[in-house]
Amino acid sequence: MAEAAGLKKRSTVKSGLGLLLIVVAAVIAIALIVYALMIPGVFESVVTVIIYIVAAIAIIALVWYAFTIIIAVPMYMAKGEQVQEGVEYSLDDVKSVENSSSDDPKNN
């Protein structure tokens, strides 16, 4: 494969070592978490905290949903609706498009 003029190869050793360091750190972090959860009472405490956090997020979401529903009604009332007056439409006024597949006798 021909290389374009002016291209220079740079080493990717630093980024490779960085990725390796991230993987090692993740494995160590997972091992520490597993070790901490094996200590009696820690797992229950963590689960309790997670339950409180999930409950708080759910309550905040429900309050926000209720707020948006309550605020939507006055916005809908203020907006009103647009209607056309003095215009009538009938299916008899609809014309087929020329050279369309609906004009083809085999489709009827």
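Taken together, the values in this text are just the output of simple stated rules run on the coordinates, not laboratory data. From a predicted model like this one, the values you see are computed outputs, not experimental measurements. We place every Cβ from the backbone using ideal geometry, glycine too, and count neighbours over all the protein chains shown.
Points to keep in mind about this one:
- Segment ILE71-ILE53, length gained on full extension (0.36 nm per residue, minus Cα span): 3.8 nm
- Only Lys, Arg (+1) and Asp, Glu (-1) charged, at Cβ; the chain dipole about Cα centre in debye: 1320 debye
- Förster radius 30 Å - calculated FRET efficiency between LEU21 and GLU44 (Cβ-Cβ, nearest 0.05): 0.35
- With Cα atoms, 0 to 90° folded angle of helix 42-79 axis to the chain main axis: 20 degrees
- In terms of its alpha-carbon gyration tensor, the chain comes out oblate; a/c meets the 1.5 threshold, while b/c is at least as large as a/b.
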